[in-house]
Amino acid sequence: MQQNYIPFRDTGYFSPLICDYLDEKNELNSSYNRFPKLENFKDQIEEKRRSEFVSESHRIVLASVLKKQYQNIQASKGTLQNIELLKSENTFTITTGHQLNLFTGPLYFLYKIISTINLSKVLKEAYPKYNFVPVYWMATEDHDFEEINYFNFEGKKVQWNKQSNGAVGELSTNGLDKVFELFSKELSSSKNADYLKQLFEEAYIKHDNLTDATRFLANQLFKDYELVIIDANDADLKKQFIPFIEDELLNQTSFTEVSKTNIKLEKSYNIQVNPREINLFYLKENLRERIVFEDNVYKVNNTDITFNKDEILNEVKNHPERFSPNVIMRPLYQEVILPNLCYIGGGGELAYWFQLKEFFNKVKVPFPILLLRNSVLIQTENQYKKLEKLNISKTDIFLKPNAFINKKVRQISDIEIDFSQQKEYLKKQFEDLYKLAEQTDKSFLGAIKAQETKQLKGLDNLEKRLLKAQKKKLADQVSRMTDIQRALFPGSSLQERNTNFSEFYLEYGEELIPNLIKSLQPLKGDFLILNM
């Protein structure tokens with residue numbers, strides 16, 4: 001396997017905020033705790049060890065909940081050992097989270113988890129007296145069903161059509177047998193295709209809800225790598241979060257602190273999320289609605305459910321499982337119940353984590369190290385050879401389609417299509433005219449400017465017409481270059497944000513994940529182009 005790298009900034013697919021973070025720009029220093037460098041984990045470990053939220057009692061509850069959740073799962077010996085190790089004061093977690101996407105959704109589901117697994121290994125080598133457990137946090141309490149009810153396979157959308165209310169984790173898998181039939185028809189009759197059919201069937205047809213199905217699926221894919229999968233929608237875990245739920249209801253601390261941070265960040269960057277006054281949902285069967293405070297009464301949005309102050313505090317005490325953190329509060333919940341050192345996420349996730357640092361400081365919970373997950377472009381050997389033959393560089397292929405074709409046509413054309421020299425010459429000529437007008441009659445300046453604009457625009461139009469003519473003349477090369485880019489960037493988007501792992505499993509089978517495990521370096525800090 002050949003590995004090439006390109007800086008995230010050079011791909012053109014990552015926000016200025018993420019690129020500046022990777023470049024360690026001073027403007028962002030107050031938005032995170034420690035930068036993800038191997039040596040910085042030493043202080044992160046010490047800070048987390050001092051936290052009251054990694055006490056023996058917290059750890060015992062965590063391990064007990066995980067054991068219950070794994071009762072009906074054939075977990076590996078390594079995974080079960082990791083759950084037991086979580087009771088030890090020398091054990092810490094490395095965590096990633098993801099929605100319960102149907103059949104894993106886009107490829108980056110794999111990359112998140114593999115980044116987490118590999119960082120745990122790297123840390124164990126660097127700090128051998130500690131244990132590091134890779135954790136996949138299932139977003140079972142999310143309710144955005146439309147975001148997770150499909151996956152793409154060979155340019156087609158495989159979709160689960162169903163009405164959904166409440167938390168998606170509790171959603172019945174009824175109806176997925178029809179999805180299974182449709183997906184099976186799209187697959188060939190190879191050994192690898194048979195495994196995919198079996199995996200889908202065992203995950204979704206033989207489990208009653210989406211949480212159990214996703215846990216089974218992730219365990220099957222990663223059980224050899226000691227991954228621990230957690231469903232935090234649990235009453236015992238949420239009991240540990242009660243003080244923060246109460247603070248949120250009474251004081252709206254997250255709204256105050258995140259709002260102040262947003263004012264600072266929005267001077268230079270786009271804000272990922274805006275906090276609500278209360279960043280909690282009320283959760284029951286087929287119900288997950290926002291809690292709002294109006295007229296001295298707590299109301300569950302779009303329902304008739306109301307509480308006064310004493311009633312809602314009593315509800316928190318007796319039923320903490322009915323309170324569900326939203327995107328602002330979920331990171332805090334995670335860091336309270338896990339002995340976590342590092343959160344690994346995509347660019348959008350890290351963007352909202354940067355909004356939370358002052359909130360964490362205020363409630364005195366250690367803020368984790370934030371690591372951008374590995375990103376990968378997988379190229380087959382055949383695609384790699386085509387790119388070489390067409391003389392397409394690793395940076396060229398990341399250009400947006402029009403810019404890509406225009407650049408390549410200019411490069412392969414036997415005539416000069418770049419009119420930059422002519423434009424510069426024209427600008428110098430007009431500089432002389434501006435000087436002449438200044439010395440004679442300044443009223444001519446406007447006329448000269450208009451004429452300069454007209455002639456530069458004329459050159460632009462001539463350049464575009466010539467480029468268009470050359471595209472027609474070089475139609476065969478243009479077609480081949482367009483085809484290879486479309487194959488690598490389906491929907492003009494990153495492959496990892498579109499393509500499902502099943503397409504590559506058909507090609508590489510059981511070697512797919514081991515090869516990715518070998519190739520992904522979580523602390524490398526560049527985008528990986530992998531030839532397999």
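In table form, for the structure just shown:
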read-out: Neighbours by Cβ (under 8 Å, 6+ apart or cross-chain): first from segment 188-205, outside any helix (DSSP H, G or I); second at pLDDT 95 or above and surrounded by 13 or more Cβ atoms within 10 Å (Cβ to Cβ); value: SER188/LEU506; SER190/LEU506
read-out: Filter pass, LEU530 being modelled with pLDDT of 80 or more, outside any helix (DSSP H, G or I), touching a Pro at 6+ places or on another chain (Cβ under 7 Å) and of a type in the set (A, V, I, L, M, F, W, C); value: no
read-out: Hey, SER164 of a type in the set (Ser, Thr, Tyr) and modelled with pLDDT under 95 or not; value: yes
read-out: Matching option when the condition is farther than 25 Å from HIS319 by Cα and surrounded by fewer than 20 Cβ atoms within 10 Å (Cβ to Cβ), among LYS206, LYS239; value: LYS206
read-out: Matching option when the condition is surrounded by fewer than 15 Cβ atoms within 10 Å (Cβ to Cβ) and polar (S, T, N, Q), among SER57, SER76; value: SER57
read-out: Residues within segment 293-326 that are outside any helix (DSSP H, G or I), crowded, with 18+ Cβ neighbours inside 10 Å and under 32 Å from the mean Cα position of the chain (by Cα), tallied; value: 5
read-out: Qualifying residue in segment 227-240 (condition: farther than 30 Å from ASN131 by Cβ and of a type in the set (A, V, I, L, M)); value: no
read-out: Number of positions in segment 32-60 that are under 26 Å from the mean Cα position of the chain (by Cα) and in a loop (DSSP other than H, G, I, E, B); value: 6
read-out: Unmet criterion (only one of (1) in contact with a helix residue (DSSP H, G or I) (Cβ under 9 Å, 6 or more places away or on another chain); (2) under 15 Å from CYS342 (Cα atoms); (3) buried (at least 16 other Cβ atoms within 10 Å of the Cβ)) for LEU38; value: (3)
read-out: Single condition PRO106 does not satisfy, out of (1) more than 21 Å from ALA203 (Cα to Cα); (2) surrounded by fewer than 23 Cβ atoms within 10 Å (Cβ to Cβ); (3) not hydrophobic (A, V, I, L, M, F, W, C); value: (1)
read-out: Long-range neighbours under 8 Å by Cβ, at least six apart or interchain, first residue under 30 Å from ASN165 (Cβ atoms) within segment 125-145, second among the acidic types (Asp, Glu) and assigned to a loop (DSSP other than H, G, I, E, B); value: none
read-out: Qualifying position, being closer than 22 Å to PHE354 by Cβ and either in contact (Cβ under 8 Å) with a residue 24 or more places away in the chain or not polar (S, T, N, Q) (or both), among PRO243, PRO275; value: PRO275
read-out: Hey, VAL135 of a type outside the set (Phe, Trp, Tyr), at pLDDT 95 or above, out of contact with any Cys (no Cβ under 6 Å at 6 or more places or on another chain) and in a strand (DSSP E or B) or not; value: yes
read-out: Filtered residue count, segment 227-264, keeping only those that are hydrophobic (A, V, I, L, M, F, W, C) and part of a helix (DSSP H, G or I); value: 10
read-out: Given (1) in contact with a Lys or Arg (Cβ under 7 Å, 6 or more places away or on another chain); (2) under 18 Å from GLU170 (Cβ atoms), index of the condition TYR204 fails; value: (1)
read-out: Test: residue in segment 61-71 that is among the aromatic types (Phe, Trp, Tyr), assigned to a helix (DSSP H, G or I) and over 13 Å from VAL135 (Cα atoms); value: no
read-out: Segment 474-520, subset under 17 Å from the mean Cα position of the chain (by Cα) and not hydrophobic (A, V, I, L, M, F, W, C), residue surrounded by the fewest Cβ atoms within 10 Å (Cβ to Cβ); value: SER493
read-out: Qualifying residue in segment 339-352 (condition: at pLDDT below 95, surrounded by fewer than 22 Cβ atoms within 10 Å (Cβ to Cβ) and not in a helix (DSSP H, G or I)); value: no
read-out: Of residues in segment 74-114 being hydroxyl-bearing (Ser, Thr, Tyr) and within 15 Å of ASN340 (Cα to Cα), the one farthest from the chain's Cα centre (by Cα); value: SER88
read-out: Residue among GLN99, GLN71 that is at pLDDT 95 or above, surrounded by fewer than 21 Cβ atoms within 10 Å (Cβ to Cβ) and closer than 24 Å to GLU496 by Cβ; value: GLN99
read-out: Residue within segment 127-150 that is closer than 26 Å to PRO522 by Cα and basic (Lys, Arg) present; value: yes
read-out: Residue match in segment 282-292 (condition: within 30 Å of SER172 (Cα to Cα), outside any strand (DSSP E or B) and either touching a Gly at 6+ places or on another chain (Cβ under 8 Å) or of a type outside the set (Val, Ile, Thr) (or both)); value: yes
read-out: Residue in segment 287-294 that is over 20 Å from VAL135 (Cα atoms) and in contact (Cβ under 8 Å) with a residue 60 or more places away in the chain present; value: yes
read-out: Matching residues in segment 371-412 - criterion: being assigned to a helix (DSSP H, G or I), modelled with pLDDT of 95 or more and within 30 Å of GLU24 (Cα to Cα); value: ASP396, ILE397, PHE398
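The values are calculated or read from the model by the stated rules, or taken from the named source; none is laboratory data. Note that the coordinates shown come from a computational prediction; the quantities given were computed from them, not determined experimentally. When we count neighbours, we look across all protein chains shown, and the Cβ atoms used for this are built from the backbone with ideal geometry, even at glycine.
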